[in-house]
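Note sheet for the following structure.
The values are calculated or read from the model by the stated rules, or taken from the named source; none is laboratory data. All figures in this text were calculated on a predicted structure; none of them were measured in a lab. Virtual Cβ from ideal backbone geometry, glycine too; neighbours counted across all protein chains shown. Heavy atoms of the whole protein, side chains included, go into the accessibility calculation; ligands, DNA and RNA do not. Shrake-Rupley method; radii C 1.70, N 1.55, O 1.52, S 1.80 Å.
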Number of protein chains: 2
Amino acid sequence: MSTATSPAAGSVIGRPHPLIDGKARVTGALRYTADLPHAGVLHARFVTSPHPHARIDGIDATASEAMPGVVRVLTAADLPDLAPTSRARLLLARERVLFVGQPVALVVAESEAAAEDAAPAVAVSYTPLPAVATLEDAIADGAPLVWPEGMPGEDDEAAAHGLDAAGEQEGPQRSNLANPVSLRRGDPEAAFASAHAVVERSYRTSIVHQSYLEPHAVQVDPGLGADGVTVWSCTQAQFAVRKEVADVLGITESDVHVKPMPVGGGFGGKFMLYQPLVALAARAVGAPLRLVLTRQEELLAATPAPASRATLKVAADADGKLTAIAADFKFDSGCFPNSPHSAAAMTTGSLYQWPAFALTGAAVLTHKPSTGAYRAPGNPQLAFALESTLDELARELGIDPIELRLRNASRPGEPMANDAPWPNIGMHQVLERARQHPLWQDRGAAHAAGRGVGVAIGGWQGGIEGATAACTMQRDGTLHVHVGSVDLTGTTTSFAMIAADVFGIDPAQVRVVSADTEPGYYSGASGGSKILYTVGPAVAAAARDAREQALRIAANEFEADEEDLEIVDGAVQVKGVPSQALPLAEIAAKTMQFGSQYAPVKGNGRTAPGGRSPAFCAQLAEVEVDAETGALEVRRLAVVQDVGKAINPLTAGGQLMGGAMQGLGWALYEAVEYDPDGQLRTGSLMDYAIPNITQSAHDLEAVMVEVPSDHGPYGPRLGGGVGGGPPRPRPLRRARGRRAAGDRHCRRRGQRHPRRLRRAGDHPADDPGTDP
Amino acid sequence: MSTATSPAAGSVIGRPHPLIDGKARVTGALRYTADLPHAGVLHARFVTSPHPHARIDGIDATASEAMPGVVRVLTAADLPDLAPTSRARLLLARERVLFVGQPVALVVAESEAAAEDAAPAVAVSYTPLPAVATLEDAIADGAPLVWPEGMPGEDDEAAAHGLDAAGEQEGPQRSNLANPVSLRRGDPEAAFASAHAVVERSYRTSIVHQSYLEPHAVQVDPGLGADGVTVWSCTQAQFAVRKEVADVLGITESDVHVKPMPVGGGFGGKFMLYQPLVALAARAVGAPLRLVLTRQEELLAATPAPASRATLKVAADADGKLTAIAADFKFDSGCFPNSPHSAAAMTTGSLYQWPAFALTGAAVLTHKPSTGAYRAPGNPQLAFALESTLDELARELGIDPIELRLRNASRPGEPMANDAPWPNIGMHQVLERARQHPLWQDRGAAHAAGRGVGVAIGGWQGGIEGATAACTMQRDGTLHVHVGSVDLTGTTTSFAMIAADVFGIDPAQVRVVSADTEPGYYSGASGGSKILYTVGPAVAAAARDAREQALRIAANEFEADEEDLEIVDGAVQVKGVPSQALPLAEIAAKTMQFGSQYAPVKGNGRTAPGGRSPAFCAQLAEVEVDAETGALEVRRLAVVQDVGKAINPLTAGGQLMGGAMQGLGWALYEAVEYDPDGQLRTGSLMDYAIPNITQSAHDLEAVMVEVPSDHGPYGPRLGGGVGGGPPRPRPLRRARGRRAAGDRHCRRRGQRHPRRLRRAGDHPADDPGTDP
């Protein structure tokens, strides 16, 4: 081990620390799911639907199965006939296909190439059926229904929604509208009638793909002998995968072991998808099996973020106090009704203090892949709509946009849309900090130069869940931190810092071990931006417990009082007496040997959720629009965010910048596009435009405001939801010297899809799809 | 899951429970190390020394490496030059070989057959050197020394001995005698001079092999990318293997993961042997590598139990009170000085209350494989010697042998040889119970029929070590018990019973998860017969903690007091109100979901060693000797043992019977034999005679006495050391109908080696090697 040095008090938390696994990630040394040894493992490849909606009349795999290396072609007939209550349970299409790209058959072969070659040889006969590809078509009268006989398990789906329930659920629909919600406070109609100013606008956003660098990948050992099923997969939610795989296989969770692999980007899109199918297929062929999606399959058949349509009407009095809002949010949720419309309605009614509101929302079913989570589901869409409308209102009222927000933004204790009080939040601090930022202060000069400066706020409640963790001392002098959470955003490094700070050693002496589903470290899914403040407290508690145990052993060895001991340079010593020191490695060794008199040093942490730690940001952007071409350039972008406490400013800042870049891509470049027949137009990264560094803000800055939350060690808030995450397919490079090929082709894509988030009120002529 | 039923109070502990993994073991469904998938894994085979002692002049692997499928032939030159401080660090012979069968080169090939074929093609040139094959030759004047330049790390070896140190260590020897010990109390010489009766005898025992059914097996993944080294192996001591592999590879323990596989019999012989070598070899070839020993390699190059030579002189007064003992124990420890002579001396001075003793012992180095642990190391050898001598003394005194023992056997609080007081032990209860046994009561009839009835006692202190465990509630309604110990003797079943009893569910609802070295469940090696009483308390504490957590959640849900709740039929209910019940599966689900308000149910147990729980047995045997042929038949064998508390009488009884069978084999059949040139005569199970059921006692009975120890839940004592264990190569079968081929060939072997434990005093003419 490296020479242990002890951190000075306060020298760990809040100081930039490189990602512990950063080098392994950037050098390619980290082993992802697709890198697992696969000697003796079979390979699977999809046969996918070319139709958005069709009846399957027959599947003939004879020719395919005769091809070299092909082991078997599986169809729905080879799998259990499950009620298709979720995308993961659609497995392979049975009787009907519901979207282009839906898996219809699975070719299992001895090599990936053999499976790839044999997939087109599977002959599937279809009778095309009427389909709806767009949200507007889907809610038109007489539109073909996605689930004409009723959505299987519709209620279960709603219950599993996982976000704050908002308003009442109405009964099942006989249309493509699903899970409508309605929230109401006061008398918005009267408020609108008596308002000093009213602004009403409509907005639309596109489907966007999470565009993680690593595609979905899963490898399954169906179990040999008495062993259970083992699933290796890049998942944000190993325990959810365990449950679902057990359920579809009809075995108990105890017989399924899920080994969560490093995740090469998730952003909400890697909870669960094809793990149950591959597990069933591995069982059917009786051999280990792997499936790694192609980028095209990712764009065809994953779970992107939904397109949205929003209409908002806001009112204020002459003093700039908001008096009412009426808003409706519809999300194109694809073939299943998973949609963040209730979260959007809830947040809309909560961000500001509205005396009256009428908020509605619904999922809209279409013949497209069902959608998933992506960065604070529903919030980017509502923030775009709400903040754009408030800017218009500020102009109408002649009030500074930040001032308007400060007069109305919710403070701790004020009611949310569901009348529960806001916990300790830093929205006002963030707005005040944004107001002081040079980008805002100097906006007069920008205006004079023909550039626009805008502001918007956004936020996310964050998830809650309990967690367990442990810290064990090892004979090599390290402290092992055991957690059950998957690292998406650098939590491994943050946990090492927390444990080091609490225990009193250098973070280099800490090793974070992310457990699989076996050893009993349940931490919940790495979603909802919650891991740092839900698992972090368990890590801190475990480290504190371990420290006390180590001191107790040293006290016994020294015949000293624990109070008189300290941990310095990797050893317990009598305070101020370095000559009387017992290295931590020796303490561990004393507990880990035959005849030992001490219990092994193992600190345990187990925490119930303390409450949410919502986080807010204000983003400032200075943009320049070419008046002739309409080409838009973001010159400066500043993210001012309340991070509670930046445990590791390096990764926290990176999260904020990454999130802002994803927002910029969502706003200006990215769109999963379908033609009116339901065919995907953006089936590759040549067509789906992820912004390159040259298309990012020329100057991107993250400003961290620290308003400690009431929970967790040090009070960190979420960083992921409104921040960033791991790499996306084209890692950002500062443009130096020659430009990479990716730059050029991203620029081209940029030209095709210049702006995806359009302010309907600003540019009605640009947007024929805008609602009136 | 099966329908949960709740155990009635007291209905779990002490009731026979089949082994949880019994079916998987007997149907071959359990996956042992050799059964691991090995597609893409290379195979290793030894080239072994034909000489007991020789200089290696050269190794030419050219022809071998040219053979089909051979990847590489490794020799010591390819491995680090470590000081050979232990057998595991001998790796491949460097310059000298020290025993027949010592690995000299390792052939690595793509298949086991290719490696097997290529091993004889490795040309090794030797210059034979003088060797000593027997204990007697080794201590003769002028005997060739095993370590002429001094034993590397002699002191470390002695320190690592792991048993109670007894007496003073003298300086390093310039002979083959190593680590001599000497213990003395009072004035034994004066006691002998004034004694009413004195008996002096000498004894010898053979080398015996632990003869586990499964040979040593190890598979190593040298690590790909950022991963560490992974070792799968049937080991009793995964944490020791982790440390040693890390040390020899020169990496930190944190980078070595040891996955302990099911152990197909260990009996002390499967701590660590070839794991470091295979890890180094896998690194050298840069690919996963496996080694599975053949039975011949097991007999040639494992670590059998040492042969012994003992001389004892005991004295008593006319009342049958023992007054003095002088004893010397020498063990043939092979090429390293690991030997249980200090334990033998210590136990000899402790079992009975001797006013005076002079006890000595030493290891004797020979050119043979070094020896290892096997069933209470040193104790079978000393018990044979001491108990035989006491029987002679009883005859001399005209006192009933059990009565003589009862008058002198140590009681709780009386001093051991090191003057420390005996803890609570049940030696007297065991002797009293044996005296009442029909086999003893009816011995007059046996004598009349020409049969002999004998008695002997034996015991074992047991190891001590702390342990950690956890119990987690799962959504499938099971309680998972997490431990870091390897199951050798049915501890998995016992832990399930303990957790079920404490938590209040059926053992069928409990799943014991034996963790590898990663997740921080340190429990120490499964050796020293200690796991049930060292890890068991941690399991009980964890189950109690988990139960309290579950009750607290239910209390919150019911708005009831925890005191008013009970766990019945897998649900928490208000006492006596089955209609108000919350299934445990639902409680678990409430803690394992997004937005959960509860911490996951995870009970932790962490226990320091409470002290030893020594166990004693008395064995009664009725034997018949054919006066003409000398053929000996054991008609009845009864084991009366203090088990403290039989958690699971089925496995506890099985342990006692298995141990007795192994003792019978040791006494009558088994011997690893070398010829005077140091060549192994017993290189297969055709030559090494393990008794079959027809050679066992006609009637074998285990009687469990329960004198609860002061430690652990329920007060169990060790069961392994003086009991039995998992299957040995020829599982015992009651002879019914036709006899299996194994029976016949065991009978033949029995004739060749009729008795291996010989009472020198009884049959001096039979045993030319007996000391005077």
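Close amide H pairs (under 5 Å, H built 1.01 Å from N) link residue A:571 with A:584, residues at least 5 positions away or on another chain. Computed over neighbours whose Cβ is under 13 Å from that of residue B:286, the net charge equals 0, Lys and Arg +1, Asp and Glu -1.
If you stretched the chain out fully between residue B:407 and residue B:193, how much longer would it get, using 0.36 nm times the residue separation minus the C-alpha to C-alpha distance? Walk me through the numbers before you get to the answer.
On the way: separation 214, 0.36 × 214 = 77.04 nm, distance 2.16 nm.
Full-extension gain reported as 74.9 nm.
Spin-label model, residue A:429/residue A:174: points 7 Å from Cα along the beta carbon direction are separated by 5.5 nm. Computed over all pairs of different Cα atoms, the Kirkwood value for the hydrodynamic radius of the protein assembly as shown is 36.2 Å.
These residues, A:402, B:464, go from largest to smallest accessible area, 1.4 Å probe, as B:464, A:402.
Counting from the shortest, the label point at residue B:559, 7 Å from Cα toward Cβ, is 5.9 nm from the same position in each remaining copy.
So which of A:321/A:530; A:530/B:590; B:243/B:270; A:270/A:313; A:259/A:590; A:259/B:590 end up more than 27 Å apart by C-alpha? Please list the in-between numbers first.
On the way: A:321/A:530 33 Å; A:530/B:590 18 Å; B:243/B:270 16 Å; A:270/A:313 35 Å; A:259/A:590 32 Å; A:259/B:590 23 Å.
Pairs exceeding the cut-off: A:321/A:530; A:270/A:313; A:259/A:590.
Contact residues in the range A:573-596 by the 40 Å² criterion (accessible area, 1.4 Å probe, full protein complex versus chain alone): A:592, A:594. Separation of the range B:568-584 from the range B:406-421 is 51 Å, based on Cα centroids. Stretched out straight at 0.36 nm per residue, the stretch from residue A:200 to residue A:556 would grow longer than its current Cα-Cα span by 120.9 nm.
Residues whose amide H falls under 5 Å from that of residue A:705, counting only those 5 or more places apart or on a different chain, are A:641, A:642, A:643, with hydrogens built in the peptide plane. A helix-only calculation puts chain B at -7500 deg cm²/dmol for mean residue ellipticity at 222 nm, using -39500 (n - 2.57) for each DSSP H run of at least four residues, averaged over all residues. Were the residues from residue B:686 through residue B:227 laid out at 0.36 nm apart, the gain over their Cα-Cα distance would be 160.8 nm.
Grab the other residues whose beta carbon is less than 12 angstrom from that of residue A:134, score K and R as +1, D and E as -1, and report the net. Intermediate results must be reported in sequence, preceding the final value.
Details: positive: A:204, A:309, A:330, A:368; negative: A:136, A:137, A:332, A:673, A:675, A:677.
Every neighbour counted, the sum reads -2.
Summary: within chain B, the longest segment free of trypsin sites (Lys or Arg not before Pro) located in DSSP loops with at most 10 other C-beta atoms within 10 Å is B:175-733.
Using a 1.4 angstrom probe on protein heavy atoms only, the contact between B and A buries about 5100 square angstrom of accessible area, both sides summed.
Each copy carries residue B:66; placing its label point 7 Å along the C-beta direction from Cα gives inter-copy distances of 4.7 nm, listed from smallest up. Take every DSSP beta bridge whose two residues both sit in chain A; close to 75 percent of them are antiparallel.
Placing pseudo-labels 7 Å out from each Cα toward the beta carbon at residue A:26 and residue B:39 gives an inter-label distance of 3.7 nm.
If you take all other residues with their beta carbon under 11 Å from the beta carbon of residue A:33, and give Lys and Arg +1 and Asp and Glu -1, the sum is +2. Working note: Karplus 6.51/-1.76/1.60 with θ = phi - 60° gives the range B:584-597 the couplings 4, 4, 6, 4, 4, 4, 5, 9, 10, 8, 3, x, 3, 9 Hz, where Gly and Pro are set to x. Modelled spin-label separation between residue A:127 and residue B:140, with each label point placed 7 Å from Cα along the Cα-to-Cβ direction: 9.9 nm. Split the accessible area of the range A:304-355 by element, probe 1.4 Å, and carbon with sulfur accounts for 53%. Close amide H contacts of residue A:672 (hydrogens built in the peptide plane, cut-off under 5 Å, sequence separation of 5 or more or a different chain): A:207, A:208, A:209.
If exposed means no more than 11 neighbouring beta carbons inside 10 Å and the site is in a DSSP loop, what's the longest run of chain A without any exposed GluC sites (Glu not before Pro)? Longest gap between qualifying sites, sites excluded: A:169-558. Each part reduced to its alpha carbon centroid, the range A:650-682 and the range B:7-45 end up 50 Å apart.
Would you mind working out the accessible area per residue for the protein assembly as shown, using a 1.4 Å probe, and quoting it in Å²? Numbers along the way, then the final one.
On the way: 54210 Å² over 1544 residues.
Accessible area per residue, the protein assembly as shown: 35 Å².
Set the Förster distance to 60 Å, then compute FRET efficiency between residue B:628 and residue A:78 from the Cβ-Cβ distance, nearest 0.05. Mind dumping the intermediate values first?
On the way: r = 72 Å, r/R0 = 1.20.
Once rounded, the FRET efficiency stands at 0.25.
Counting only protein heavy atoms and using a 1.4 Å probe, the accessible area of residue A:33 comes to about 0 Å². Note the distances from residue A:447 to each other copy's matching label point, with points 7 Å along the Cα-to-beta-carbon direction, in nm, sorted shortest first. The answer, with the shortest distance listed first, is 12.1 nm. Taking every alpha-carbon pair in chain A and binning the separations at 20 Å intervals from zero gives 16, 47, 31, 6, 0 percent.
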